[in-house]
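What follows is a set of notes on a single structure, which appears directly below.
The values are calculated or read from the model by the stated rules, or taken from the named source; none is laboratory data. Everything numeric in this text was worked out from a predicted model, so none of it was measured. Backbone-built Cβ (ideal geometry, glycine too); neighbour counts: all protein chains shown. For accessibility, only protein heavy atoms count, side chains too; no ligands or nucleic acids. Shrake-Rupley method; radii C 1.70, N 1.55, O 1.52, S 1.80 Å.
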Amino acid sequence: MVSSAALYITSAVVLLGVLIFFHELGHFMFAKLLGVKVERFSIGLGPSLYVRKYGETEYILAAIPFGGYIKMLGEHTSIEDMGQEGVAPPSEEDLKRAFDRQPVWKRSTIILMGPMFNIVLAFMVFVVFFSVYGEPRSLPQIGGVMANSPAVEAGLKGGDMVVSIDGIEMETWGDVQEAIREKSGDELGFVIKRDDVKFSLRIRPELRKTKTLLFDEVETYLVGIEPSGNVRYEAVGFGRAVISAAGTTVFTGRLIFEVMVRLVRRVIPADTIGGPILIFKMAGEQASKGMADYLWLMAIISVNLGVLNLLPIPVLDGGHLVFMGIEAVRRKPLSETVIINAQKIGIALLLTLMVFATYNDIVRWITGNWTP
């Protein structure tokens, strides 16, 4: 039997490897399509575990799974500096294929395709998920009961299934929430199923302050019950799977963007940010539950990676796109000094974020509280 630690490590490395591969594949494929010479394609960072050269490109599998890159001719070292650094100058034919000799639209397209491939990967994973497993529907099952709530007084318990409210059958947890909100505090007639036994009871919701998924504080009517998180799957055809996958990908991307905006505005607490330890934990947990949960996590993180890489931070793809946008407007590139200084700031920002996220992970590990 594979140990728990091995499962967590393996599932996380595979997940990160797939996401990084597709990201770099986007850059690589469009560099090739647009006639740019790619010298190196690396999955991972640090010491090389496997190196093989096919054609003009060196393919590398490196030891550290948190990253990857492709190296295009003329990308990080200018053609003029190659001779000074002991690198043989390229031929005239290769000069035409150097990244820094390409028009802005070509360079921008190559940079943009990395994040876009992550979003496309998420879409494809969602299509497979919905085609194989169906669309998930949250069960109207109670996972927990809040203290000092109407639900406690009525005797509800975790594991109870809400069969109906005021004679209306409950298909999903969303139906339960909607039925409670719609009545605006009126007493409700519940039919509950517990251990194959059905019984009826009446509960009057209370107006309470609560927080939404995006940490907005709202007043709404509650009875004090929480969902179990269990789901059932509803089979769908391939066409519906494609439509649902597109909608889920767009919704996830918009949600991630909104979360980032609210983090900057301090609406969402900074201690909700997770780092590499949390990724390993989540990957291991979802893999242990089954392939469905693992695929769902992969798709969510893939969208996350695509959106984050589009942020206008130097060293990220979004930062490079900003530089190229400025170059297109000015009709000439920014000076090397400006770009280098901006990238230093970007690296400092990312390192600070990584240290902070890892600190959050360590605090969660020590306290055992993995829920923000």
Next item on the list: Spot the failing condition for Glu187; the list is (1) open to solvent by less than 70 Å² (accessible area, probe 1.4 Å); (2) over 29 Å from Asp293 (Cβ atoms), and only one is missed.
Entry: (1)
Next item on the list: Please indicate, with yes or no, whether at least one residue in region 334-346 is β-branched (Val, Ile, Thr), at pLDDT 90 or above and over 22 Å from Gly67 (Cβ atoms).
Entry: no
Item checked: Condition broken by Val163, with the remaining ones in (1) under 14 Å from Pro150 (Cα atoms); (2) open to solvent by less than 80 Å² (accessible area, probe 1.4 Å); (3) hydrophobic (A, V, I, L, M, F, W, C); (4) touching an Asp or Glu at 6+ places or on another chain (Cβ under 8 Å) satisfied -> (1)
Note to self: Which of the numbered conditions does Val261 fail, given that it passes all the others? Conditions: (1) within 16 Å of the chain's Cα centre (by Cα); (2) surrounded by fewer than 16 Cβ atoms within 10 Å (Cβ to Cβ); (3) at pLDDT 75 or above; (4) within 30 Å of Arg232 (Cα to Cα).
What the structure shows: (4)
Notebook entry, point to check: What number of residues within region 49-90 satisfy the criterion of being modelled with pLDDT of 60 or more, open to solvent by less than 20 Å² (accessible area, probe 1.4 Å) and over 37 Å from the mean Cα position of the chain (by Cα)?
Noted result: 0
Check: Among the residues of region 190-206, how many are within 16 Å of Gly158 (Cα to Cα) and either open to solvent by 70 Å² or more (accessible area, probe 1.4 Å) or among the small types (Gly, Ala, Ser) (or both)?
Finding: 5
Check: For region 229-245, does any single residue satisfy the condition of being farther than 28 Å from Val125 by Cβ and aliphatic (A, V, I, L, M)?
Finding: no
Check: Consider Lys209 against the criteria (1) over 28 Å from Ile300 (Cβ atoms); (2) assigned to a strand (DSSP E or B); (3) open to solvent by less than 60 Å² (accessible area, probe 1.4 Å): it satisfies all of them except one. Which criterion is unmet?
Finding: (3)
Check: Of everything in region 218-251 that's in contact with a strand residue (DSSP E or B) (Cβ under 8 Å, 6 or more places away or on another chain) and hydroxyl-bearing (Ser, Thr, Tyr), which residue is farthest from Ala147 (Cα to Cα)?
Finding: Ser244
Next item on the list: Please verify whether region 220-238 includes one or more residues that are among the small types (Gly, Ala, Ser) and either under 20 Å from the mean Cα position of the chain (by Cα) or open to solvent by 60 Å² or more (accessible area, probe 1.4 Å) (or both).
Entry: yes
Check: Has region 304-313 got any residue that is part of a helix (DSSP H, G or I) and within 22 Å of Ile9 (Cα to Cα)?
Finding: yes
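Residues are listed down the side, and each one gets a yes or a no for (1) within 16 Å of Asp100 (Cβ to Cβ); (2) open to solvent by 50 Å² or more (accessible area, probe 1.4 Å):
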{"site": "Leu310", "(1), (2)": "no, yes"}
{"site": "Asp317", "(1), (2)": "no, no"}
{"site": "Ile326", "(1), (2)": "yes, yes"}
{"site": "Ser335", "(1), (2)": "yes, yes"}
{"site": "Val338", "(1), (2)": "yes, yes"}
{"site": "Asn341", "(1), (2)": "no, yes"}
Next item on the list: Could you check, for region 246-263, whether at least one of its residues is under 30 Å from Val132 (Cα atoms) and assigned to a loop (DSSP other than H, G, I, E, B)?
Entry: no
Notebook entry, point to check: When residues of region 1-49 are filtered for being among the hydrophobic types (A, V, I, L, M, F, W, C) and part of a strand (DSSP E or B), how many remain?
Noted result: 5
Checklist line | Pair list, Cβ < 9 Å and 6+ apart or interchain, from region 134-163 residues that are free of Cβ contacts under 8 Å to residues at least 60 places away in the same chain and among the basic types (Lys, Arg) to residues that are in a strand (DSSP E or B) and open to solvent by 40 Å² or more (accessible area, probe 1.4 Å) | finding: Lys157/Val145; Lys157/Arg194
Checklist line | Pair list, Cβ under 6 Å, 6 or more apart: region 69-97 residue over 27 Å from Gly114 (Cα atoms), other residue at pLDDT below 75 and open to solvent by less than 80 Å² (accessible area, probe 1.4 Å) | finding: Pro89/Met82; Pro89/Gly83
Notebook entry, point to check: Residues in region 15-24: is at least one modelled with pLDDT of 85 or more and open to solvent by 70 Å² or more (accessible area, probe 1.4 Å)?
Noted result: yes
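I'd like to know if region 208-217 contains one or more residues that are touching a strand residue (DSSP E or B) at 6+ places or on another chain (Cβ under 8 Å) and of a type in the set (A, V, I, L, M, F, W, C).
No - not one qualifying residue is present in region 208-217.
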